[in-house]
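Notes follow the structure.
The values are calculated or read from the model by the stated rules, or taken from the named source; none is laboratory data. All figures in this text were calculated on a predicted structure; none of them were measured in a lab. Here the Cβ positions follow ideal geometry from the backbone for every residue, glycine too, while neighbour counts run over all protein chains shown.
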Amino acid sequence: MSERLTDEQIAEGLKAVPAWHREGDALLRTLQAPDFPAAIRMVVAVAESAEAMNHHPDIDIRWRTLHFALSTHDAGGITALDLRLAAAIDAAVDTVGTGTR
């Protein structure tokens, strides 16, 4: 199990993933796709990265708006794994190339 990060470690880690912000015990990111099919392509790209890491985000899709939430539930908060997954999500979305930050 990963250890929870301190507030300072989280703040420092968020510098590497500026599209994300902290809300309580989770890291959040919202983005807009140009259309619904592009949003689904983004989710597929994220799912592949998440599965490879065996760490899965909460994803909410509202037409072309995607909300991602990351938290390591068994650790009770944010861990280094969440920051790594945030970076992987950013890369996956960039690979699809249709998102705005």
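Just wondering, is there one or more residues in region 59-70 that are in a helix (DSSP H, G or I) and on the phi < 0 side of the Ramachandran plot? Looking through region 59-70, none of the residues is in a helix (DSSP H, G or I) and on the phi < 0 side of the Ramachandran plot. Under the condition of being surrounded by 13 or more Cβ atoms within 10 Å (Cβ to Cβ) and part of a loop (DSSP other than H, G, I, E, B), the residues counted in region 33-48 number 1.
The single condition among (1) hydroxyl-bearing (S, T, Y); (2) loosely packed, with under 14 Cβ neighbours inside 10 Å; (3) touching a Leu at 6+ places or on another chain (Cβ under 6 Å) that T72 does not satisfy is (2). Annotation note: Cβ proximity below 7 Å between a residue of region 49-64 that is free of Cβ contacts under 8 Å to residues at least 12 places away in the same chain and a residue that is of a type outside the set (V, I, T) and surrounded by 13 or more Cβ atoms within 10 Å (Cβ to Cβ) (sequence gap 6+ or interchain) occurs for H56/A50; D60/H67. Is region 53-62 home to any residue that is over 13 Å from the mean Cα position of the chain (by Cα) and modelled with pLDDT of 95 or more? Yes; the residues of region 53-62 include at least one that is over 13 Å from the mean Cα position of the chain (by Cα) and modelled with pLDDT of 95 or more. For region 1-32, a residue qualifies if it is assigned to a helix (DSSP H, G or I) and of a type outside the set (A, V, I, L, M, F, W, C), and the qualifying residues are D7, E8, Q9, E12, G13. Residues that are more than 27 Å from T6 (Cβ to Cβ), small (G, A, S) and touching a strand residue (DSSP E or B) at 6+ places or on another chain (Cβ under 9 Å): does region 46-66 have at least one? Taking every residue of region 46-66 in turn, at least one turns out to be more than 27 Å from T6 (Cβ to Cβ), small (G, A, S) and touching a strand residue (DSSP E or B) at 6+ places or on another chain (Cβ under 9 Å).
Selection of region 77-91 for residues being crowded, with 20+ Cβ neighbours inside 10 Å and part of a helix (DSSP H, G or I) yields D82, L83, L85, A86, A88, I89, D90.
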